[in-house]
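To start, the structure under review is shown below, and the notes come after it.
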Amino acid sequence: MIEEFVKGGADMMPEVTQDNLYLLLPGKITAVVKMISSHWNVPYLKALSMFYQSKTYRNLEHEASKWWHLGPVALFEEFNTERKNGAKI
C-alpha cells in the first residue's frame with residue numbers, strides 16, 4: 001500500500017475540499033496563534049479569539065480562497081496587515 005502511494009506521487013494525494021479542509025487547519029491555526037500571542041503580547045486564548053474574529057481566518061476557513069496553501073508565517077503577516085489597516089478585533 002505504501003509503495004503504491006509513493007509510486008503514485010501527487011496523483012495519490014486526496015483533493016482538498018470544504019468537507020475535508022478542517023484536517024489541515026489545526027496545525028496552521030496553532031502556529032499562527034502562538035505568533036500572535038507573542039507578537040501582540042496577549043494570552044493565548046485572547047490571541048485565538050483575535051484570530052478567529054479576523055478576515056484572515058474567514059478566508060482560511062473557505063477552501064475556495066486557497067488560503068490553506070499559505071504557511072503560518074504568511075497567515076500571520078496577513079493578520080498583522082489586517083490589524084495595521086485598522087481592523088478592530
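Just so it is clear, none of the values below were taken in a lab; they were calculated from the coordinates. Given the structure is predicted, the values throughout are model-derived calculations rather than measurements. Using ideal geometry, Cβ is built from the backbone for each residue, glycine included, and neighbour counts are taken over all protein chains shown.
Charge tally around Trp68: other residues with Cβ under 14 Å, Lys/Arg +1 each, Asp/Glu -1 each, net -2. Remark: Leu24, Leu45, Leu70, Leu75 ranked as Leu45, Leu24, Leu70, Leu75, counting other beta-carbon atoms within 10 Å and listing the fewest first. This ranking places Val33, Val73 by how few other beta-carbon atoms lie within 10 Å of each, fewest first, which gives Val73, Val33.
Panel order for Ile29, Ile36, by other beta carbons found within 10 Å of each beta carbon, from fewest to most: Ile29, Ile36. For Leu70, no residue has an amide H sitting under 5 Å from its own, ignoring neighbours fewer than 5 places away on the same chain, with H placed 1.01 Å from N. Each residue of the stretch 30-39 was assigned a 3J(HN,Hα) from its phi angle through the Karplus expression (A = 6.51, B = -1.76, C = 1.60, θ = phi - 60°), giving 4, 5, 5, 5, 4, 5, 4, 4, 5, 5 Hz with x at Gly and Pro.
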